[in-house]
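Report on one structure; see the data block that follows.
Here, each number is a calculation from the coordinates, and none is a lab measurement. These figures come from a predicted structure and were not determined experimentally. Cβ atoms come from the backbone with ideal geometry, glycine included; neighbour counts cover every protein chain shown.
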Amino acid sequence: MSTNQEIAEEAHIHGGLDIGGTKIALGLVDSSGHVLAERYFPTADYPVLKDAVQRISVEFSELCTQSNCQITSLGIGCTGQMDPEKGEVLNLEYFPDWRGPGLVQGLSQNLGIPVWLANDAETAALGEWAFGAGQGARSFVMVTVGTGIGVAVLQDGRLWRGVGGCHPEIGHHLLDPSGPECFCGLHGCWESLAGGIAMEAWAQSQNPQGSHFTARELCALAGQGDPLAQQAVERTAHYLGLGLSNLVTIFTPNVICLAGGLIESAAHFLPSIQKEINQGCKLVPSQQVDLRLTRLGSRAVMVGATLLPTLRSQR
Ligand SMILES: [Zn+2]
């Protein structure tokens with residue numbers, strides 16, 4: 001008779017955890033990238049790490065009981081700066097209590113399984129490359145445009161990581177030194193010009209006494225012909241395109257996958273983005289770069305996180 005652990009290993013059910021600025025999502029994922037069961041709750045309720053570890057542990061236990069299975073590993077894709085080699089949270093904005101190895105160690109202890117940690121842009125890229133829009137791409141760039149911009153690069157299925165195992169912060173590469181100040185310390189980095197918050201701030205600056213609109217609302221208003229919203233969309237598309245042009249010139253990817261809240265309004269942005277790339281990348285075969293939209297959507301981070309244990313064998 002097989003033990004539960006043996007059954008889980010045969011079935012290859014893994015835990016995936018997506019810790020974002022707004023919500024924490026967790027799920028059971030099979031080896032084909034299918035989400036068998038999932039749950040969500042607000043990140044803002046858990047500024048204290050031990051409370052978060054407890055809640056996540058309980059949620060996973062309940063999910064496993066309900067689904068009549070066990071997980072053999074847990075992968076975490078977390079917003080902010082991570083040290084994937086040490087399994088430590090370096091900087092999670094607004095949540096200083098989360099710093100250090102406590103997240104990985106606490107969950108590993110509670111769940112009795114190995115736990116892996118990476119930046120959420122990285123795990124989203126792993127998920128899309130393995131199961132979504134990036135399948136078959138030798139050189140793959142994943143760009144998530146929400147409130148900010150997260151980017152990860154895969155070459156032959158391997159994550160591009162540098163010194164200290166750190167992933168490049170491409171969302172903060174410099175586009176215009178005369179641009180707005182960003183928390184990263186630069187003025188005019190990509191995120192400060194083309195992220196959702198940047199779009200909202202610019203629209204507000206053009207009409208300080210007017211209502212504040214979210215990026216999603218601005219896209220909807222642009223579709224209805226509102227001139228200021230249309231300008232905001234055009235400006236964002238211009239800077240998105242400039243940044244993507246830089247990525248095309250630097251990495252010559254086969255595929256760029258676009259994801260995130262702002263990209264849900266892709267129809268507003270894609271023509272301008274394509275134009276910027278065609279105009280700005282004359283020295284590389286930019287026409288061959290395949291610009292695709294996410295297939296995994298909001299599940300990319302969670303699904304991709306379950307692949308983190310496989311990275312160990314790549315070292
Ligand atoms: Zn920045």
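Residues of the stretch 120-135 that are of a type in the set (S, T, N, Q) and either within 13 Å of ARG295 (Cβ to Cβ) or surrounded by fewer than 24 Cβ atoms within 10 Å (Cβ to Cβ) (or both): GLN135 alone.
For the stretch 12-36, enumerate the residues that are aliphatic (A, V, I, L, M) and assigned to a loop (DSSP other than H, G, I, E, B).
If the condition is that a residue be aliphatic (A, V, I, L, M) and assigned to a loop (DSSP other than H, G, I, E, B), then ILE13 is the only one that fits.
Taking residues in the stretch 61-74 that are under 18 Å from LEU307 (Cβ atoms), and partners anywhere that are of a type in the set (Phe, Trp, Tyr), the pairs with Cβ atoms closer than 8 Å and at least 6 places apart or on different chains are ILE71/PHE60; SER73/TRP116; LEU74/PHE60; LEU74/TRP116.
Taking the condition hydrophobic (A, V, I, L, M, F, W, C) and either more than 13 Å from the chain's Cα centre (by Cα) or not in a helix (DSSP H, G or I) (or both), does LEU126 pass? Against the criterion (hydrophobic (A, V, I, L, M, F, W, C) and either more than 13 Å from the chain's Cα centre (by Cα) or not in a helix (DSSP H, G or I) (or both)), LEU126 does not qualify. Considering the conditions (1) closer than 26 Å to CYS219 by Cα; (2) among the aliphatic types (A, V, I, L, M); (3) away from the ligand (no atom under 16 Å from the Cβ), VAL145 is excluded by exactly one of them, (3).
Looking across the stretch 9-24, the residues that are surrounded by 22 or more Cβ atoms within 10 Å (Cβ to Cβ), under 15 Å from GLY304 (Cβ atoms) and not charged (D, E, K, R) come down to HIS14, GLY15, GLY16, LEU17, ILE19. Residues that are free of Cβ contacts under 8 Å to residues at least 24 places away in the same chain and small (Gly, Ala, Ser) were ranked within the stretch 203-219; the one that is nearest to the ligand (Cβ to nearest atom) is SER205. State whether one or more residues within the stretch 174-187 are out of contact with any strand residue (DSSP E or B) (no Cβ under 8 Å at 6 or more places or on another chain), under 28 Å from LEU308 (Cβ atoms) and touching a residue at least 40 places away in the same chain (Cβ under 8 Å). The answer is yes; a qualifying residue exists. Candidates are the residues of the stretch 150-167 that are in contact with a strand residue (DSSP E or B) (Cβ under 7 Å, 6 or more places away or on another chain) and within 16 Å of the ligand (Cβ to nearest atom); the one that is farthest from LEU296 (Cα to Cα) is HIS167.
Residue count for the stretch 146-169 satisfying the condition of being in contact with a His (Cβ under 9 Å, 6 or more places away or on another chain), assigned to a loop (DSSP other than H, G, I, E, B) and in contact (Cβ under 8 Å) with a residue 60 or more places away in the chain: 1.
Residue-wise test of (1) in a strand (DSSP E or B); (2) in contact with a Pro (Cβ under 7 Å, 6 or more places away or on another chain); (3) within 27 Å of GLY304 (Cβ to Cβ).
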| residue | (1), (2), (3) |
| --- | --- |
| ALA237 | no, no, yes |
| GLY243 | no, no, yes |
| ASN246 | no, no, yes |
| THR249 | no, no, yes |
| PRO253 | no, no, yes |
| ILE256 | yes, no, yes |
| SER272 | no, no, no |
| LYS275 | no, no, no |
| ASN278 | no, no, no |
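Residues in the stretch 170-202 that are more than 11 Å from the ligand (Cβ to nearest atom), outside any loop (DSSP other than H, G, I, E, B) and more than 21 Å from the chain's Cα centre (by Cα): 2 in all. Answer yes or no as to whether GLN105 is part of a helix (DSSP H, G or I) and away from the ligand (no atom under 16 Å from the Cβ). Yes, satisfied.
No other residue among VAL58, VAL48 is exposed (fewer than 14 other Cβ atoms within 10 Å of the Cβ) and in contact (Cβ under 8 Å) with a residue 12 or more places away in the chain apart from VAL48.
Test GLY223 against the criterion of being within 16 Å of the ligand (Cβ to nearest atom) and under 13 Å from SER265 (Cβ atoms), and give yes or no.
no
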